[in-house]
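Since every read-out is calculated from the coordinates, none of them should be taken as a lab result. Here the structure is a predicted model, which is why all the values come from computation and not from measurement. Note that each Cβ is placed from the backbone with ideal geometry, even for glycine, and that neighbours are counted across all protein chains shown.
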Amino acid sequence: MNIQIANGRVIDPANQIDAQLDVFIAEGKIVAVGAAPAGFSPDRLIDAKGLIVAPGLVDLSARLREPGFEYRATLESEMQAAMAGGITSLACPPDTDPALDEPGLVEMLCFRAKNLNCAHVYPVGALTAKLEGKRITEMAELVEAGCVAFSQVNTPVVDTQVLLRAMQYAATFGFRVWLQPIDPHLAKGGVAHDGEAASRLGLTGIPVEAETVALETYLSLAKLTGVKLHITRISSAAALEAIERARAGGLDVTCDIAAHHLHLCDMDIGYFDPQCYVIPPLRSQRDRSALRTALAAGKINAVCSDHTPVDDDGKQMPFAEAEPGMTGLELLLPLVLKWAQEDKVDLAQALARVTASAAGIMGITKGGHLGVGARADVCIFDANAEKVLTREDLKSQGKNTPFLGLPLPGIVKHTLVEGRVMFGA
Amino acid sequence: MLNPQLSAQGKLKHLITLDGLPKSVLTEILDIAAPFTEVAEREVKKLPLLRGKSVFNVFFENSTRTRTTFEIAAKRLSADVINLNVATSSTNKGETLLDTVDNLCAMGADMFVMRHASSGAPYLLAQHLRATGRDHISVVNAGDGRHAHPTQGLLDMYTIRHFKQDFTKLTVAIVGDVLHSRVARSEIAALTTLGVPEVRVIGPKTLLPTDVERMGVRVFHDMKEGLRGVDVVMMLRLQNERMNGALLPSSQEYFKFFGLTPEKLELAAPDAIVLHPGPMNRGVEIDSAVADGSHAVILPQVTFGIAVRMAVMSMLAAGN
């Protein structure tokens, strides 16, 4: 089917385009941006007047809860959420049950996702078997099965010897390693940022040093092994400084943050709101503002949803007993837009963090941009419209977010995956 | 978010923490408690204020003393008291906190007195009651994790006021394991709200919370320096499991540097009083000579505790 998206403001950060242009799609691919190719006749015309036409969003972390946690969410429900959020490519972390540590599991996930014919799902393999930090996985086989990177998610490798070997092995093949900086000892038992709020509430704190101590180890080992290292979910100003120092020393390292860290801080826990229990924890206001500035400056390469659907039973618990995480697929775009509006960040620059830049970290070339020949994965949205987020709006099975009841900018009108309109009329 | 323990009119609906409660409410509780101290001296130790009401003592964590004083307080107000030791019952069978509570509501509870090992558990309960339209049921926090122990904080304030009258002329030192202490957090909140000009905390760095000075206290690591000239010494209990680990090397060393001995007490004001929430570890945080000495007001604390709990329960019953 030939589609013409007309009259929209096309923002394609990868190709430095920000202009009112038409986008032409044929056979699931972008065939032209600007003038129609010779002989193009659209079967469908989408009028995007007053709307932004951007590449479909690329999310570096979305838990789809399969296999193992289907009672919390399923591929079906979360794919609908991704479409509603304008996300067309997503990386799926390996903290499933069982963990994504065997090629068969990865193949099954890819097969299930492909059959749904929705967002492109890119599994992230476990760096060590069962994420236990003891034995490295069959990384080469896992990549053949479809993995784009390897991670421990938030169960850090305790034995640094194993971590070194895992990084060496990954570097042998040029595989990407994504690590979340957590020192297992300093973070032990912690549920909130170690600061005034946690002290007042009597919650066990996670000091910033739980992040920086681990981070310094990872950066040293990356320098030693030459592995392609990506640091996931940093939460503190001190972590940013450490990454900047490593970069100044010549290390090529990227990093991302979760979208909620742009807007929330430890004070938002209020009277023990379990919706604000996340790992890494919401840090101080100072940390939050450092993250916002660094994201605008490009020092943080990407923003992800860190989507973690948790059912009500998992949240209706005393704070420390609740399950951590926020639903995020449908909040990624609104939260990035809200940040861009508040900090007056150029829209193209803001969108780069959830499209081109994220695609680069994942190593995918056919998504995250609107260049000719790319997959026609497109997100068409109204950047200025606001709506109050309600439970009923959320397609995700996880309704766990402290943003319910708050007005958020950005309404997705259409989501296209390979030229098929998957969301919006 | 509104403070869930106050009604729209500023009346006490639940008692969950002293942090954020206005001075007027704290003072009101202490004022109401005063006449209740005399009930114990009557021949018939009963008032009809809670007649026909069912008070459920729900203790998800073991306690004898606190539960008993709540029970006495409720019985003196003529309530029906039901004690549940949940620590050894249904939650061990996998039932969630809110399921347990729903069942107790179905049995006709009017007030919950709850102790729980997790900070914030009573908020969860109060929010659940509101969300399910059972707002008339009150929650009294009898200690939640490290967060708060408001009736202990209040009975300490009652004791201080009884012996020292004016809060605004006092220097108060809180000594020991502030990090793990819900009692200390409630005391700090109450003392600063009631206008004590100098609240000190004394302890090794391993037992003080991060940014504790932000709670409005002065921090001392040298006990002798910290006790100098204080009018009130509030000792904290040191749990045995804190000993011999990464927090403290031994109870002997702790006692030597942070235990309250007659020599160290000499540095305080001559008429200083010594409080302890009990149960005491003699020879760990407090010397027997001090515990049994003339400065100690530890037993009056227990007596006042019943009056303060009666005051809280009667206010909640009247408010709801």
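Summary table
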{"quantity": "Residue-averaged [θ]222 nm for chain B, counting only DSSP H segments that reach four residues, each worth -39500 (n - 2.57)", "calculated": "-11000 deg cm²/dmol"}
{"quantity": "Cα-based helix-to-principal-axis angle, A:285-296 vs chain A, degrees rounded to 10", "calculated": "40"}
{"quantity": "Reference-scaled alpha-carbon Rg (2.2 N^0.38 Å with N residues) for region B:251-293", "calculated": "1.09"}
{"quantity": "Inter-site label distance for residue A:224 and residue A:115 at 7 Å from Cα along Cβ, in nm", "calculated": "4.5"}
{"quantity": "Cα convex hull of region B:64-169, projected area averaged across orientations, nm²", "calculated": "8.4"}
{"quantity": "Range of Cα positions in region A:298-425 per principal axis (Å), largest first", "calculated": "51, 36, 29"}
{"quantity": "Net charge of Cβ neighbours under 14 Å - reference residue A:171; Lys, Arg +1; Asp, Glu -1", "calculated": "+3"}
{"quantity": "Percent breakdown of C-alpha pair distances by 20 Å bin, ordered from the shortest bin, for chain B", "calculated": "33, 57, 10"}
{"quantity": "Over 29 Å (Cα to Cα) - which of A:299/A:413; A:228/A:366; A:228/A:399; A:134/B:205 fall in this group", "calculated": "A:299/A:413; A:228/A:399; A:134/B:205"}
{"quantity": "For the protein assembly as shown, the fraction of alpha-carbon pairs in successive 20 Å shells from zero, as %", "calculated": "16, 41, 29, 12, 1, 0"}
{"quantity": "At R0 = 22 Å, FRET efficiency that the Cβ-Cβ distance of residue A:15 and residue A:138 yields, to 0.05", "calculated": "0.05"}
{"quantity": "Gain in span if fully extended, residue B:225 to residue B:85, counting 0.36 nm per residue against the direct Cα distance", "calculated": "46.1 nm"}
{"quantity": "Alpha-carbon Rg with Dmax, taken over region A:1-80, Å", "calculated": "16.8, 51"}
{"quantity": "Region A:215-268-region A:117-158 distance, computed between alpha-carbon centres (Å)", "calculated": "20"}
{"quantity": "Helical contribution to [θ] at 222 nm, DSSP H n ≥ 4, -39,500 (n - 2.57), averaged over chain A, rounded to 500", "calculated": "-8500 deg cm²/dmol"}
{"quantity": "Charge tally in the Cβ shell below 14 Å around residue A:186, where Lys, Arg are +1 and Asp, Glu are -1, residue A:186 excluded", "calculated": "-4"}
{"quantity": "Scattering curve values for chain A, log₁₀ I(q)/I(0), Debye with Cα scatterers, q = 0.08 Å⁻¹", "calculated": "-0.40"}
{"quantity": "Inter-site label distance for residue A:323 and residue B:41 at 7 Å from Cα along Cβ, in nm", "calculated": "5.9"}
{"quantity": "Averaged over B:177-184, number of beta-carbon atoms from partner chains that fall within 10 Å", "calculated": "1"}
{"quantity": "Extension reserve of the residue B:107-residue B:27 stretch, reckoned as 0.36 nm per residue once the Cα distance is removed", "calculated": "25.4 nm"}
{"quantity": "Average beta carbon contacts from partner chains per residue of B:124-131, 10 Å cutoff", "calculated": "2"}
{"quantity": "Nearest-20 debye value, region A:75-160 charge dipole, Cβ charges on Lys, Arg, Asp, Glu", "calculated": "160"}
{"quantity": "Estimated FRET transfer efficiency (residue A:268, residue A:343; beta-carbon r; R0 25 Å; 0.05)", "calculated": "0.85"}
{"quantity": "Helix B:97-106 vs. chain B, principal-axis angle (Cα, 0 to 90°, nearest 10)", "calculated": "50"}
{"quantity": "Cβ-based exposure ranking for A:232, B:100, in which fewest neighbours within 10 Å come first", "calculated": "B:100, A:232"}
{"quantity": "Gaussian network model of chain A, springs between alpha carbon atoms under 10 Å - residue of A:291, A:57, A:164 with greatest fluctuation", "calculated": "A:164"}
{"quantity": "Summed side-chain charge close to residue A:196 - residues other than residue A:196 whose Cβ falls under 10 Å, Lys, Arg +1, Asp, Glu -1", "calculated": "-2"}
{"quantity": "Candidates A:258, A:187, A:359, ranked by Gaussian network fluctuation over chain A, Cα under 10 Å, top entry", "calculated": "A:187"}
{"quantity": "Test item: A:269-280 mean partner chain Cβ contacts at 10 Å", "calculated": "3"}
{"quantity": "Compactness of region A:279-319 - radius of gyration and Dmax, Cα, Å", "calculated": "14.2, 40"}
{"quantity": "Chain A: relative contact order in percent, alpha carbon pairs under 8 Å with at least 6 residues between", "calculated": "20"}
{"quantity": "Highest-first arrangement of B:57-68, B:185-196, A:35-46, where packing means the average Cβ count within 10 Å", "calculated": "B:185-196, B:57-68, A:35-46"}
{"quantity": "Antiparallel DSSP beta bridges within chain B, as percent of all bridges there, nearest 5", "calculated": "5"}
{"quantity": "Percent antiparallel among DSSP beta bridges (both partners in region A:27-184, rounded to 5)", "calculated": "10"}
{"quantity": "Cα-projected label distance for residue A:293 with residue A:404, points at 7 Å along beta-carbon direction, nm", "calculated": "3.6"}
{"quantity": "Principal semi-axes in Å for region A:266-351 [√(5λ), Cα gyration tensor, largest first]", "calculated": "27, 15, 10"}
{"quantity": "Overall dimensions of region B:245-320 by Cα: Rg and Dmax, Å", "calculated": "16.8, 50"}
{"quantity": "For region A:163-276, the spread of Cα positions along each principal axis, largest first, Å", "calculated": "49, 25, 22"}
{"quantity": "DSSP-defined beta bridges in the protein assembly as shown - what % are antiparallel, rounded to 5", "calculated": "30"}
{"quantity": "log₁₀ of I(q)/I(0) at q = 0.11, 0.13, 0.22 Å⁻¹ - region B:133-265, Debye sum with one point per alpha carbon", "calculated": "-0.40, -0.55, -1.40"}
{"quantity": "Whole-angstrom gap from region B:222-285 to region A:20-45, using each part's C-alpha centre", "calculated": "79"}
{"quantity": "Convex hull volume per residue in cubic angstrom - Cα atoms of region B:1-46", "calculated": "91"}
{"quantity": "Packing-based order for B:8-16, A:195-203, using average beta carbon neighbours within 10 Å, highest first", "calculated": "A:195-203, B:8-16"}
{"quantity": "Principal axis dimensions, region B:1-123 - Cα atoms, whole angstrom, descending", "calculated": "44, 40, 25"}
{"quantity": "Cα centroid separation - region B:103-158 against region A:366-425, whole Å", "calculated": "42"}
{"quantity": "Computed FRET value (nearest 0.05) for residue B:130 with residue A:43, which takes r as the C-beta separation and R₀ as 45 Å", "calculated": "0.25"}
{"quantity": "Order of B:123, B:254, A:71 under a 10 Å beta carbon neighbour criterion, fewest first", "calculated": "A:71, B:254, B:123"}
